[in-house]
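All of the numbers you see were taken from the coordinates with simple rules; none came from a lab. Being a predicted model, the structure only gives us computed values, none of them experimental. Here Cβ is always computed from backbone atoms with ideal geometry, including for glycine, and neighbour counts include all displayed protein chains.
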Amino acid sequence: MAKRTIVAMPGDGIGKVVLEETIRVLDAAGFEADYVEGDIGWEFWCKEGNPLPDRTISLLEEHKIGLFGAITSKPKDKAAAELAPELKEQGFTYYSPIVSMRQHFDLDICMRPCRTFKGNPLNFVRRGANGGIDEPVIDTMIFRQNTEGLYGGVEWTNPPDQVYDALMTHKKFKENFGWCPREELAVSTRIFTRKYVTRIVKAAFEYAKGRGFDTVYVCEKPNVIRETSGMMLKVAQEMSKNEYPGIRVSDVNIDAMMMWLTKNPEYYNVIVAGNMFGDIVSDGFAGLTGGLGFACSANIGKDVAVFEPTHGSAPKYAGYETSIVNPIAMVLSACMMLDHIGEGAMSARIHKAVAAVVEEGKVRAYDMLKLSGSPDVISKGAASTRQMAGAIISKL
């Protein structure tokens, strides 16, 4: 394929080092690309009042593909306190730049694979029926609606007159919350639209069809959250009946799912959920397949796609003289990028190299050795971030 330009957005903390090492792996695999750095994260909030500057949006509009490291997010009061003095009291409000990016570019389809690697000491194990140890093979793809729901950002503290008056027209609100002084009331909305529910559900069905899976699990709570969760379940049921008759829909409540995933996680190959529940269940499954050091993701829209590990910026680790964090989640996110742009063979090579390193077990990051993340883990046999990337490169 023609040489591409990739918008590399290191972000904060460990995002910088894991992205740098991942680009080294991509180079070693023969991926030819120019990388332009996009500014994003806490530094730009503090000095500009905008953690996602317009110049970065312009880069993504031009080049369409982004690799993203990690960001730091803090509560509203702390964010305001860390603004540059000249920006304070100027009306700036902190919003997560990755959430803002998803909404700006309609990156509504989030894919989060959770798969076991043979030989990973962090894999989920359970007691077998005969009393022995059983290690199930997990191969789950979670489709998380990325732009709506509780992360939509439509919320108020001390709601204005028109919002409060509208809420008071609802019998349940008036009966259960009408007693509360308005200045002591905080409201966050959970908004689903049929257009974007349909898109995420269809993506899940298409994936199931492509992989030969016969069930899509809708992980919501329609017995309580009747309108929004109910919409997703109904759309999935209609789609199964009218478009994918060979793929059935199973309704699994989010609370039950969190129990079942620790009993028989190998049953659940394709899961679809709204924003919050998708976030929760994907982290739950990630914990069964190695934790956040292995948790990759794709944010896909009609024109733009951004690929990122799901871990945070871990600022404590960013300050270590030698970086100890596991770069595999970022490397696997880059594999998802390669798949997206038609470089599936190269993606498979890198994935195979990662699998070989994990199975061989000679080079392991501190999390894989089940050590706490302190600076002395290198002396205890843990590989540095650079050594982990180097081991993957050696297998290539």
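If each residue's Cβ is checked for other Cβ atoms within 10 Å, how do 349, 364 rank with the fewest at the top?
349, 364
Arranged by the count of other C-beta atoms within 10 angstrom, fewest first, what order do 192, 307, 117 take?
Ascending number of Cβ neighbours within 10 Å: 117, 192, 307.
Could you work out which residue, out of 166, 318, 383, moves most in a Gaussian network model of the chain, that is, has the largest mean-square fluctuation with Cα springs under 10 Å?
Largest GNM mean-square fluctuation: 166.
On a full-extension model of 0.36 nm per residue, what is the gain between residue 206 and residue 158, subtracting their alpha-carbon distance, rounded to one decimal in nm?
Answer, rounded to one decimal: 13.0 nm.
Name the aspartates and glutamates eligible as straight-distance cross-link partners of residue 362: C-alpha to C-alpha under 20 Å, and not fewer than 8 places from it in the same chain.
21, 376
With the Cα gyration tensor of the chain in hand, convert its eigenvalues to equivalent ellipsoid semi-axes via √(5λ) and list them largest first in whole Å.
Taking √(5λ) for each Cα gyration eigenvalue gives 34, 29, 21 Å.
When we measure straight from the Cα of residue 16, which lysines land under 18 angstrom away, once same-chain ones fewer than 8 places off are left out?
316
Is any helix in the chain, taking whole DSSP H runs, at least 15 angstrom long along its axis by alpha carbon and on average at least 1.0 on the Kyte-Doolittle scale, and which ones?
328-340
Given the Cα-Cα distance of residue 182 and residue 130 and 0.36 nm per residue of separation, how much length would full extension add, in nm?
12.8 nm
If you average the C-alpha positions of region 220-258 and of region 327-396 separately, how far apart do those two centres end up, in angstrom?
36 Å
Based on the Cβ-Cβ distance from residue 195 to residue 62, what FRET efficiency comes out when R0 is 35 Å, to the nearest 0.05?
0.85
What percentages make up the Cα-Cα pair-distance distribution of region 225-272 when the bins are 5 Å wide from 0?
Each 5 Å bin holds this share of Cα pairs: 5, 18, 26, 22, 17, 11, 1.
Can you give the helix-only mean residue ellipticity at 222 nm for the chain, where every DSSP H stretch with n ≥ 4 adds -39500 (n - 2.57) and the sum goes over all residues, rounded to the nearest 500 deg cm²/dmol?
-12000 deg cm²/dmol
Given springs between every Cα pair under 10 Å in a Gaussian network model of the chain, which of 355, 186, 298 has the largest fluctuation?
Per the Cα network of the chain with a 10 Å cutoff, 186 tops the list.
If Lys and Arg each add +1 and Asp and Glu each add -1, what is the summed charge of the other residues whose beta carbon sits under 14 Å from the beta carbon of residue 87?
-3
Using the count of nearby Cβ atoms within 10 Å as a rough guide to exposure, how do 86, 243 rank from fewest to most?
Exposure proxy ranking, most exposed first: 86, 243.
Straight distance only, please: which lysines reach the Cα of residue 202 with their own Cα at less than 25 Å, same-chain residues fewer than 8 apart left out?
Correct list for residue 202: 64, 221, 234, 241, 302.
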